[in-house]
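Quick notes on the structure that follows.
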Amino acid sequence: MSEPTGLKSWLTTTDHKRIGKLYFWTAFVFFLLGGFEALLIRAQLAKPDNTLISADTYNQLFTMHGTTMVFMALMPLAAAFFNYIVPLQIGARDVAFPRLNAFSYWVFLLGALFMNASWLLPHHPAPDGGWFGYATLTEKQFNPGPNIDFWLLGLQILGIASLAAGFNFIVTILNLRAPGMKMMRLPVFSWMTLVTSFLMITAFPVITVALVFLMFDRVFGTHFYLPQAGGDPVLWQHLFWLFGHPEVYILILPAMGVISEVLPTFSRKPLFGYTVVVYSGVLIGFMGWGVWSHHMFSVGLGPIADSVFALTTMLIAIPTGVKIFNWLATLWGGQIRLTTAMCFALGFIALFTIGGLSGVTHAAPPADLQQTDTYYVVAHFHYVLFGGTMMGLFAGMYYWWPKMTGRLLSERLGLVHFWLMFIGMNLTFFPMHLIGLLGMPRRIYTYSHDLGVDSMNLLCSIGAAMLGLGMVVFVYNMWRTRRHGAVAGPNPWGGATLEWSIPSPPPVHNFDVIPTVTSRVPLWDAPPKPAPPPGHIHVPAGSWWPMVAAAGLPVMALAPLTHTVWIVFVGAAILLFGIYRWAFEPFEV
Amino acid sequence: MTHAAATHHTSMGLDSRKMGFWAFIGSECLLFGSLISTYLVYQGRSVSGPTPAEILNIPVTSISTFDLLMSSLWMVLALAAVQRGDMKWAKVWLLGVAIGGAIFIGFQVYEFTSFVREGLTLQANLFGCTFFILTGTHGAHVTVGVLWMLTLWYRAMRGKLGPEHAMTVEIAGLYWHFVDVVWIVIFTLVYLLHK
Amino acid sequence: MPFRPTLRGTLDAVPRYRRHYISLAALLGLGLIAACGGPYPQSTLAPTSDFGVAIDRLFTGIFWWAVVVFVVVEGLLLFSILRFRHREGAPAPEQHHGHTALEIAWTLAPALILVFIAVPTVRTIFATAGDAPPGALRVEVIGHQWWWEYRYPDLGLVTANELHVPVGRPVVVDITSTDVIHAWWTPKLGGKRDAIPGHHNKIAFRADSIGEYMGQCVEYCGASHANMRLRTFVDSDSGFQAWVAAQRAVPAAPAAGSPAETGKQMFQKYGCIGCHTVAGVSAGLIGPNLTHVASRTTIAGASMMNTEQHLRDWIGNPPAMKPGSMMPNMHVSAADLTALIVYLQSLK
C-alpha cells in the first residue's frame, strides 16, 4: 500500500503518524522561536543597566517566551509523541478519532499563529502581561492595547486544541489496546499520556473560564477582577493556578514517561517497580489538583491556608521521589549503554532532582516569601522544565527518531548536542539560584550594578549562548540525517515495546496483523513472529473538514480583537459548516 | 454519522464515541464548576444593586425549568423510539426536545431582557457579571443542543436516521441530560438558595 | 533479543570524563564568583531582622536536607553509570521487576525527611504571620505604578519610596495597592508580601541594626516594574525621632524674589500641583508627596539618586528615564527647570 504524497495529502491527513510529524515540526519551530526570545532576554541581562532592549519589548519577550514554551513548544512536542508513538505502543492502527486529531493540530497551529501575529503588526503589540497574566495588570484600564487580547484569545484557541487531544487520547488508550494489552501491561509512556490527557481535559476548562472573565472585563466592561466594583484580582490567581499547577504536571509527566521507556531499553532491564511508577504518576496527577495556592504564598491567604498548601505540596515530593528511586533501581545491575537518548534520560534524573529539591525549599511558605518572584524561582522551574521536560523530550527525539524517519541521528553529533545542552543548561540556570537569593527579582528588564550580580548574570548569558549553539548542532544533525543517517531497521535499540516490532518508518496501517500481547516487555519475552502477508487493510481517506472547522476559531477570535460583532457569526458559521461536513462525510444531510 | 474507528473492537467493550463523550462531560463539569464557584464566591459582594432578591422571578423560571425537565423526558422517549425502530415517534419526540429547548431559550431571552430593563445589566454589579455569564453559558449549551436535535430530526425526516444510529441519538441524549442536570444545579443555587 | 551491532562505533564516542565533575566544578566556580562580588545589598542570606532571621533559619534547615538528598541521588546515579556499563558479549542482566520492601523503604524515607521539614515550616508560618505586639509602629504601604507611598497613621506622616523605621522596635507594615498588584520587599528585613488592590497584607518585623537597606517591587506590575525600587532606613531611636520631627514641619516658604520662589511658581505653572502634594502649597494625590522631597536620597521610585543632574534628566523627560511613567513630559524650558530644581531642593 503506497502512501499518498503532495501538499493535499498533508493538509487533509488523518494519519496519526503524519499528524505527529506536523505537531513535531510546528512545535519545534516554536521551540526555536521561544529559545530566540530567551536569547534576547539573556542579551539584555548580560550586563546591568543595559539599554539593548526597551522595557516594553522586554516585557513582551518574557511574556511570549513563557507562553510559547509552555503552550506552543513543550506541550505540543509531547503531543507529537502522543500522536506518533502511543498508537504504535498499544498496538492500534490509529487514534480513536482521527479527524478530531487533525482538528486538534490545526487548532493548535492557528492559535499559535494567531497569538504570534501580534509581533507583525505595527509597533508589535505582542502580549506583555506575563505568561501568568495577573489581573489587574491585564485589565483594559492598565493595558488598553490589543496585547492582552492577542494573548487571551490565542490561549483560548490553544486550549481547545488541548481539550480535543485529551479526549482523543483517553479513548485511544483505554479503548484501542491490542488484545492482551491489559492496563498493567501498558508501556509507561502511554500510561503517562493517559494521566496527562485526564489533566488536560480537567485543567483547561478552568483557565477557559478565567479567560472568559478577563475577556468580558476587557470587552464588555464587567468587573470580575476589578476591586472598585467588589471584584477581586485574586480570583484570577486562584483560577489560573488551579489550571496552572496541573499544567505543570501536564508538562512533566510525558517526559517522565519517555525516560521510563529509554532507561529500561538502554539498561537492558525492565523498569523497576512498574506498578509503583505507574501509580505514583497517577497519584501525582491527582495531588497536582490540591497544591495550587503554593504559587500564591505571598498573596496573604492566612497561616492556615498556607500551612495546608505547604503540606500538600511537600506530600507530592513523595511519589516524585519514589519515581526517581525506581529509575535508579532500573539502572542498578543493568548493562548501561550511553547512547545520546540515554544521556538525555540520565540528564533528566540528574537535573530534575535539583529542580525537585529547590521546589521543596519553596514549598515552605516563609522561605518562599524570600524566594518567590526572584531568579531563584526562575532557576527552579527551568531545572524542572528544561532539565526535566526538555531533557526527557530530547531523549524521546533521539530514541524515536529512527522509528519516525527510518534513519538514526548521528550519535557523535548527538553527544556534542547533549554536552552543550547539559553544560549550557547548568551554566545558564544554576547561577540563577544564587542571583535570586541575592535579591534580583524576575521579570525586570534592567537591574542595578549595585546588586552585585553582574558577573553571575553574564555567566547565565554565556550559558544561554551555549544552549543556542547546542540547538544549532541538533538542527544540523537532523538535516544531515535525512541523507546520511544510518538506516535504522525496525528495532535499532533493542527496545521491548510494540513500536519496535514494525518497520521504521511504519507502514500507513502500522501493523500488518494486530499483535497479541502477553507481557510488559513483549519484544524481550517473545520475539515477533514473521507476520503473515497482509490482506487488504482499509485506511480511511483524509478530510478537509477538520481544518475548515479549525479555521472558524481564529476568525471568531477576530471579533473581540477588532470589536466587530458580525465577525463572530462568520467564524461560527465556518466552524459549524466544518463540523457538519465532517460529521456527515461524505456529505449527505 | 460515519465514525469508522467507533465500529472497531474496543478494549473496554464500550463504544469509543460514548467514552469520549463521557470524558467531554467530565470536562464540562469543571467548566460549569468554575462558573458556579465564581458565582458563589462573589455572592453578596456586589457594591450596588440590584440584588438577586429584587430581580429573580422564581415562578417564571420554575416554568422554564419544568419545561427543560420535560424535554429530558422526551429525550428518553426519543431514544427508546429510535432503539426499537419506531421512527414515527422518534421524529415526534426529537422535535419535542428541540421545541422544549427552544422554549427554554425563549424564557431566558425574556428573563434577560426584563432584568436589563430593571437595571441588572452585565456591567451593573458583580451579581450581573456572574449571573449572566453562568446562565448565558448554560443557554449557549442549550442552543447547541437545540441545533443538534433539529439536525437529528431533519435526518429522521429524510429517512437517514434509523435504529442503527441509536448510539448517535444516545450521545445527543447524554448531552441533553447533562445540560439539564446542570440547570437543576444552577436553578437550586442561584434561584432557590439566593442570598 | 540481542543488541543490534549498528551502534558499535558510535558508542565509542562517549567521552570518558563524567558530567558530575563538571557540575561540581560549576558549583565551586559559582561559590568563587559569589565570594568575589558583593556587598549584595538585597541578599536574603544575611538577614537583619527577626522576621528575616526566622526565614533564614528555616531555609537553612531545608537546604541541608536537600543537600543530603542531592548527594544520595546523584551519588547513586553516578555510581550506577560507572559501575553497570554495558560490555560487549556480556550476558543479559538479571531481569528484576521490583522489590516491595525497597519500595516501602524509599516511600518512608522521604516522608520522614518531610516531617522534619514540615514541623518547623508550620511553626515559622505562624511565627511570621504578621501579628505584631501592641505598641508596634504602624506603617501603611501603598503601591502605585511605579512608586511606593508610605503613611504613618499614628505620626501623621506621608512620604514616598524611602521608609524610615527605628531600630529594635517592632514595626507592622500594612500593604495594599491602588492600581495593579505589586509586592513590597526589603530582602534583608525579611520576606515580601503582595500589594493587592482591595486587600491588606501585613508584615511584622523588628530591625536589628541601623543602616540603609535596598529593596524593590517584586511582582510584575507593568512597563517600569524594574524601576520600582525602594529603600528602608533603620534609624537609631533619636535619629528616627529627629526624622519624624523634620517630616512633620511645614517647610518655610521661599523668600520673595529668590530663585526658589520662581521655582515655586514653575511648580504651579507646569501643573505639578495637580498631582503632587507640598504641604501648604498643593494637595495632589496622584504622584508622591513632595513636601520633604529634598530630604530623600532618591527620586523616581528610588530608581535614581537625588542629585541635581538626575532631577534635571527626570523632570526634563520622565518617560525616557522611567518607561511608561505616569508623569508626562511637561516640556519644561531649561531656565524654568533650573528654578524648579532649586525649589525642590529647598524642600528639606
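Contact map, the range C:293-305: first residue on the phi < 0 side of the Ramachandran plot, second residue of a type outside the set (S, T, N, Q) and assigned to a loop (DSSP other than H, G, I, E, B), Cβ cut-off under 8 Å, separation 6 or more or different chains; pairs are C:VAL293/C:LEU347; C:ALA294/C:LEU347; C:ALA294/C:LYS348; C:SER295/C:LEU347; C:SER295/C:LYS348; C:SER303/C:MET228; C:SER303/C:LYS322.
For the range C:214-231, indicate whether the set of residues that are farther than 30 Å from A:PRO227 by Cβ, part of a strand (DSSP E or B), modelled with pLDDT of 95 or more and more than 8 Å from chain A (Cβ to nearest Cβ) is non-empty. No, every residue in the range C:214-231 fails to be farther than 30 Å from A:PRO227 by Cβ, part of a strand (DSSP E or B), modelled with pLDDT of 95 or more and more than 8 Å from chain A (Cβ to nearest Cβ).
Only one residue in A:THR57, A:THR68, A:THR13, A:THR51 is in a loop (DSSP other than H, G, I, E, B), of a type outside the set (A, V, I, L, M) and closer than 20 Å to A:HIS124 by Cβ. Which one? Show your work before the answer.
Working: A:THR57 fails: in a loop (DSSP other than H, G, I, E, B); A:THR68 fails: in a loop (DSSP other than H, G, I, E, B); A:THR13 fails: closer than 20 Å to A:HIS124 by Cβ.
Residue meeting the stated conditions: A:THR51.
Going residue by residue through the range A:447-457, is there one that turns out to be over 30 Å from A:PRO98 (Cα atoms) and more than 9 Å from every other protein chain (Cβ to nearest Cβ)? Yes, because at least one residue in the range A:447-457 is over 30 Å from A:PRO98 (Cα atoms) and more than 9 Å from every other protein chain (Cβ to nearest Cβ). Step by step: first the residues of the range A:570-589, then only those that are under 32 Å from the mean Cα position of the chain (by Cα) and of a type in the set (Phe, Trp, Tyr), then the one that is surrounded by the fewest Cβ atoms within 10 Å (Cβ to Cβ). Which residue is that? Taking the candidates together, the pick is A:PHE577.
Identify, please: which residue in the range C:118-138 is over 13 Å from C:VAL173 (Cα atoms), among the aliphatic types (A, V, I, L, M) and modelled with pLDDT of 95 or more and is, among those, surrounded by the most Cβ atoms within 10 Å (Cβ to Cβ)? Residue satisfying both the conditions and the ranking: C:ILE125.
When we screen A:PRO554, A:PRO546 for residues that are buried (at least 21 other Cβ atoms within 10 Å of the Cβ), within 14 Å of chain B (Cβ to nearest Cβ) and not hydrophobic (A, V, I, L, M, F, W, C), the only hit is A:PRO546.
Being in contact (Cβ under 8 Å) with a residue 60 or more places away in the chain, more than 15 Å from A:MET215 (Cα to Cα), in a loop (DSSP other than H, G, I, E, B) and out of contact with any Cys (no Cβ under 7 Å at 6 or more places or on another chain) narrows it down to one residue among A:ALA164, A:ALA178; which is it? Residue meeting the stated conditions: A:ALA178. Restricting the first member to the range A:209-226 and to residues that are more than 7 Å from chain B (Cβ to nearest Cβ) and under 17 Å from A:GLY154 (Cβ atoms), and the second to residues that are assigned to a helix (DSSP H, G or I) and of a type in the set (Gly, Ala, Ser), no beta-carbon pair is closer than 6 Å while six or more apart or on different chains. Within the range C:318-336, the set of residues being away from every other protein chain (no Cβ under 14 Å), crowded, with 17+ Cβ neighbours inside 10 Å and assigned to a loop (DSSP other than H, G, I, E, B) comprises C:MET327, C:MET330, C:VAL332. Kindly evaluate A:PHE132 against the criterion of being in a helix (DSSP H, G or I) and within 30 Å of C:GLY324 (Cα to Cα). Answer is no for this residue. When the residues of the range C:53-101 are filtered to those that are over 28 Å from A:GLY494 (Cβ atoms) and hydroxyl-bearing (Ser, Thr, Tyr), the one that is surrounded by the fewest Cβ atoms within 10 Å (Cβ to Cβ) is C:THR100.
Looking only at the range B:39-60, residues that are crowded, with 19+ Cβ neighbours inside 10 Å, assigned to a helix (DSSP H, G or I) and more than 20 Å from the chain's Cα centre (by Cα) come to 1 in all.
Residues of the range B:147-170 being of a type in the set (D, E, K, R) and within 11 Å of chain A (Cβ to nearest Cβ), which ones? Answer for the range B:147-170, where residues must be of a type in the set (D, E, K, R) and within 11 Å of chain A (Cβ to nearest Cβ): B:ARG155, B:ARG158, B:LYS160.
Inclusion of A:THR275 among residues that are touching a Gly at 6+ places or on another chain (Cβ under 9 Å) and farther than 22 Å from A:VAL322 by Cβ is not warranted. For the range C:176-196, the criterion of being in a loop (DSSP other than H, G, I, E, B), more than 10 Å from chain A (Cβ to nearest Cβ) and touching an Asp or Glu at 6+ places or on another chain (Cβ under 9 Å) is satisfied by no residue at all. When B:ASP67 is tested against (1) modelled with pLDDT under 95; (2) assigned to a helix (DSSP H, G or I), exactly one condition is not met: (1). Any residue at all in the range B:91-104 that is within 14 Å of chain A (Cβ to nearest Cβ) and over 29 Å from A:GLU585 (Cβ atoms)? Checked against the condition, which is being within 14 Å of chain A (Cβ to nearest Cβ) and over 29 Å from A:GLU585 (Cβ atoms), the range B:91-104 yields no hits at all.
Residues that are more than 30 Å from C:ILE203 (Cα to Cα) number at least 1 in the following helices (runs of 4 or more DSSP H) confined to the range A:359-450: A:375-384, A:391-405, A:411-437. Scanning the range B:70-107 for residues that are over 15 Å from the mean Cα position of the chain (by Cα) and either in contact (Cβ under 8 Å) with a residue 60 or more places away in the chain or outside any helix (DSSP H, G or I) (or both) yields a count of 10.
From the list B:PHE132, B:PHE127, the one residue that fits, being at the interface with chain A (Cβ under 9 Å from one of its Cβ atoms) and either in contact (Cβ under 8 Å) with a residue 12 or more places away in the chain or touching a His at 6+ places or on another chain (Cβ under 8 Å) (or both), is B:PHE132. Considered as a group, the residues in the range B:109-122 that are surrounded by fewer than 14 Cβ atoms within 10 Å (Cβ to Cβ) and polar (S, T, N, Q) include one that is nearest to the chain's Cα centre (by Cα), and that residue is B:THR113.
Of the residues making up the range A:284-306, those that are facing chain C (nearest Cβ under 8 Å) and either without any contact (Cβ under 8 Å) to a residue 12 or more places away in the chain or within 27 Å of the chain's Cα centre (by Cα) (or both) are A:GLY300, A:GLY302, A:PRO303. Does C:ALA279 count as closer than 19 Å to C:ARG151 by Cα and either of a type in the set (Gly, Ala, Ser) or crowded, with 19+ Cβ neighbours inside 10 Å (or both)? Yes; evaluated as a whole, the condition is true for this residue.
Going through the range B:20-50 one residue at a time, which ones are charged (D, E, K, R) and within 22 Å of A:PHE167 (Cα to Cα)?
The one that is charged (D, E, K, R) and within 22 Å of A:PHE167 (Cα to Cα): B:GLU28.
Within the range B:145-160, take every residue that is in contact (Cβ under 8 Å) with a residue 24 or more places away in the chain and closer than 22 Å to B:MET70 by Cβ and give me the one that is surrounded by the most Cβ atoms within 10 Å (Cβ to Cβ). Top of the filtered list is B:MET149.
All conditions in (1) outside any loop (DSSP other than H, G, I, E, B); (2) touching a Pro at 6+ places or on another chain (Cβ under 8 Å) hold for C:LEU77, with the sole exception of (2). All conditions but one from (1) part of a helix (DSSP H, G or I); (2) at pLDDT 55 or above; (3) in contact with a Phe, Trp or Tyr (Cβ under 9 Å, 6 or more places away or on another chain) apply to C:SER23; the one that does not is (2). Using the structure shown, decide if C:ALA90 is of a type in the set (Gly, Ala, Ser) and within 8 Å of another protein chain (Cβ to nearest Cβ). So C:ALA90 passes the test.
The values are calculated or read from the model by the stated rules, or taken from the named source; none is laboratory data. Everything quoted here is computed from the prediction, not taken from an experiment. Positions of Cβ are backbone-derived with ideal geometry, glycine not excepted, and every protein chain shown enters the neighbour counts.
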